[in-house]
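The values are calculated or read from the model by the stated rules, or taken from the named source; none is laboratory data. Given the structure is predicted, the values throughout are model-derived calculations rather than measurements. When we count neighbours, we look across all protein chains shown, and the Cβ atoms used for this are built from the backbone with ideal geometry, even at glycine. Areas reflect the complete protein model, heavy atoms only, side chains present, ligands, DNA and RNA absent. Shrake-Rupley method; radii C 1.70, N 1.55, O 1.52, S 1.80 Å.
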Amino acid sequence: MTLSLAVRMPRIRTDRAEGRRSSSVARASKSASSSIGVPIASFGVAILAWYVVTYAVLAPERRFLLPAPHRVLTGSLADWSHLRPMLEALAVTARVTAFGFVIAVLFGLAVGILMNQARWIERAVYPYAVVLQVIPILAIVPLIGLWFGYGMVARIIVCVMIAAFPIITNTHFGLRSVDRGLHELFTLGRASRWERLTKLELRAALPAIMTGIRTAAGLVVVGAIIGDMFFAKGQPGIGTLLDVYRSRLQSEDLIAAIVIASAFGIAVFSLFGVLSRALVGKWHASGSPS
């Protein structure tokens, strides 16, 4: 009797382990299918709604305002003569985005760190950071063009103005949110201000900083496209083409350019989402996939 129970117990434990393993696999596959299936379904609904608006809502003489998806695909995206200038313009916008983003990150980190060093610096600088965010960018476009010209420099300045604020605020918030006990531990160890900043504050604030950088990564693309639209001197960007297609009522090319610009923005945002998860890891909620 005792021997039979001893033989049965490992089998029961093995069956339970296999059951938990199979259930976890089933949950993972269900989650993966849901994460893939829901976006595909919503995309299909959006395409269907697009067709309905084109053929059921718009009159035949007004359908050029919103051509059907297959016409955008065949008449613009699949036509190299139409697609090539869009990709060349996107390369220009990507360069502006890269330069503006690097400057915005360096500027935002520097300002956020300075604001954390002393209260009087925070009181002196933070109002201007808020002004940088709330001022309508279109209202100061004439001034930017007057002071810096209508070329690449003006486009980069627009990118920095739009993208810097979330980096400043998230860096400042992260540095201010470091655990008080850790600060006291560094004080007992007689750490210098530089050691406290590099070994404690920046590391503890990394999740908040990466959240600000990821937010800025999406905004900087918007800034680059706005800069293309209003500062057209030099090589045309994707925003320049958007303005040209709008003025010429080239709806198919306009929608295709919007799709390409949107795909570029999503790619940049996703790239920094992956980078954030790689740097932060699993020790913080911002490092887990949303």
Between a residue in segment 264-280 that is over 20 Å from LEU87 (Cβ atoms) and any residue that is loosely packed, with under 13 Cβ neighbours inside 10 Å, which pairs come within a Cβ distance under 8 Å, given they are 6 or more apart or on different chains?
ARG277/SER288; ARG277/PRO289
Reported set for segment 216-234 where residues are open to solvent by less than 60 Å² (accessible area, probe 1.4 Å) and under 13 Å from the mean Cα position of the chain (by Cα) is ALA216, ALA217, GLY218, LEU219, VAL220, VAL221, GLY223
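Specify the residue that is farthest from GLY149 (Cα to Cα); the eligible residues are those in segment 235-254 that are part of a helix (DSSP H, G or I) and open to solvent by less than 30 Å² (accessible area, probe 1.4 Å). I'd like the intermediate steps shown before the answer.
Looking only at segment 235-254, we keep the residues that are part of a helix (DSSP H, G or I), and these are 238-248, 251-254.
If we keep only those that are open to solvent by less than 30 Å² (accessible area, probe 1.4 Å) as well, we get 238-242, 245, 251, 253.
On the way: ILE238: 19, GLY239: 17, THR240: 16, LEU241: 20, LEU242: 21, TYR245: 24, SER251: 30, ASP253: 29 Å.
Among residues in segment 235-254 that are part of a helix (DSSP H, G or I) and open to solvent by less than 30 Å² (accessible area, probe 1.4 Å), the one farthest from GLY149 (Cα to Cα) is SER251.
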Exactly one of these conditions fails for ARG203: (1) open to solvent by less than 50 Å² (accessible area, probe 1.4 Å); (2) part of a helix (DSSP H, G or I). Give me its number.
(1)
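Before we move on, is ALA32 of a type in the set (Gly, Ala, Ser), at pLDDT 85 or above, under 31 Å from the mean Cα position of the chain (by Cα) and surrounded by 10 or more Cβ atoms within 10 Å (Cβ to Cβ)? Before you say what the answer is, go through the steps one by one.
On the way: of a type in the set (Gly, Ala, Ser): yes; at pLDDT 85 or above: no; under 31 Å from the mean Cα position of the chain (by Cα): yes; surrounded by 10 or more Cβ atoms within 10 Å (Cβ to Cβ): yes.
No; evaluated as a whole, the condition is false for this residue.
Quick check on this structure: which one of ARG190, ARG196, ARG155 is charged (D, E, K, R) and closer than 30 Å to LEU87 by Cα?
Values: ARG190 fails: closer than 30 Å to LEU87 by Cα; ARG196 fails: closer than 30 Å to LEU87 by Cα.
Checking each option against the conditions leaves just ARG155.
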If you take just the helices (runs of 4 or more DSSP H) that sit entirely in segment 76-172, which of them hold at least 1 residues that are in contact with a Phe, Trp or Tyr (Cβ under 9 Å, 6 or more places away or on another chain), closer than 18 Å to MET229 by Cα and open to solvent by less than 50 Å² (accessible area, probe 1.4 Å)?
80-117, 141-148
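Mind listing just one residue for me: the one in segment 173-199 that is small (Gly, Ala, Ser) and open to solvent by 50 Å² or more (accessible area, probe 1.4 Å) and, of those, farthest from LEU106 (Cα to Cα)?
Of the residues in segment 173-199, the ones small (Gly, Ala, Ser) are 174, 177, 181, 189, 191-192.
Applying the additional criterion that residues be open to solvent by 50 Å² or more (accessible area, probe 1.4 Å) yields 177, 189, 192.
Numbers: SER177: 21, GLY189: 30, SER192: 23 Å.
The extreme case among them is GLY189.
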How many of the residues making up segment 188-240 are free of Cβ contacts under 8 Å to residues at least 12 places away in the same chain, in contact with a helix residue (DSSP H, G or I) (Cβ under 8 Å, 6 or more places away or on another chain) and among the small types (Gly, Ala, Ser)?
1
